[in-house]
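Everything below concerns the one structure shown next.
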Amino acid sequence: MTIRFGVPADVSRALEIWRDATDATHDFLTPEHRIEIDAMVAGWLPEAELWLALDESEHTVGFLAMDGDMIDALFVDPAFHGRGYGTKLVNHALTLAPNALVDANEQASNALPFYESLGFVRTGGSATDSQGRPYPLVYLAYAGKR
């Protein structure tokens with residue numbers, strides 16, 4: 001398992017991972033919002049600072065997008081969930097930003113337990129996502145291993 005910086009040629013695989021992981025973990029999204037968010041992500045990923053998690057065959061199985069101290073996105077191919085790729089990506093994020101922050105969808109049942117198990121604590125939240133859609137967010141900050 002390795003982490004490497006993403007290049008423009010990696011964006012299509014990152015988008016594929018985002019779509020598969022979102023479909024597997026974000027069943028609360030309305031079909032209309034899913035399409036709307038997909039278009040936003042497809043436009044944003046080429047500009048994002050991407051870090052990729054690669055399996056033993058050098059196949060991209062997850063990605064992390066950072067913006068300063070903020071973990072903007074962390075997604076792992078659902079076929080590879082539970083194998084440590086997400087943890088490896090977060091640990092990499094913490095080398096880049098020791099005071100990392102992340103916003104997690106409250107309705108994504110896997111997100112909060114995952115981040116909290118890695119030492120993130122809740123610092124607040126909002127009733128909507130950043131575009132005002134009805135998807136509550138929980139704000140988290142890294143507080144160290146528990």
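The values are calculated or read from the model by the stated rules, or taken from the named source; none is laboratory data. Please read all numbers here as calculations on a predicted model, not as lab measurements. Positions of Cβ are backbone-derived with ideal geometry, glycine not excepted, and every protein chain shown enters the neighbour counts.
Things to note:
- Note on the range 67-93: residues that are closer than 23 Å to G144 by Cβ, hydrophobic (A, V, I, L, M, F, W, C) and surrounded by fewer than 16 Cβ atoms within 10 Å (Cβ to Cβ) amount to 1.
- So L29, is it in contact with a Lys or Arg (Cβ under 6 Å, 6 or more places away or on another chain) and either outside any helix (DSSP H, G or I) or among the β-branched types (V, I, T) (or both): no
- A count restricted to the range 1-39 and to residues that are under 15 Å from the mean Cα position of the chain (by Cα), hydrophobic (A, V, I, L, M, F, W, C) and surrounded by fewer than 17 Cβ atoms within 10 Å (Cβ to Cβ) stands at 1.
- Pairs, first farther than 11 Å from A53 by Cα and touching a residue at least 24 places away in the same chain (Cβ under 8 Å) in the range 85-100, second crowded, with 17+ Cβ neighbours inside 10 Å and hydroxyl-bearing (S, T, Y), C-beta under 6 Å, six or more apart: A100/Y142
The rows are residues; the columns are (1) touching a helix residue (DSSP H, G or I) at 6+ places or on another chain (Cβ under 7 Å); (2) of a type in the set (D, E); (3) in a loop (DSSP other than H, G, I, E, B); (4) under 22 Å from F28 (Cβ atoms).
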position: A79; (1), (2), (3), (4): no, no, no, yes
position: G86; (1), (2), (3), (4): yes, no, no, yes
position: L89; (1), (2), (3), (4): no, no, no, no
position: L112; (1), (2), (3), (4): no, no, no, yes
position: G124; (1), (2), (3), (4): no, no, no, yes
position: S130; (1), (2), (3), (4): no, no, yes, yes
position: P134; (1), (2), (3), (4): no, no, yes, yes
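- A108 part of a loop (DSSP other than H, G, I, E, B) and on the phi < 0 side of the Ramachandran plot: yes
- Pick from the range 1-33, criterion of a type in the set (D, E, K, R) and modelled with pLDDT under 95, ranking: nearest to Y85 (Cα to Cα): D23
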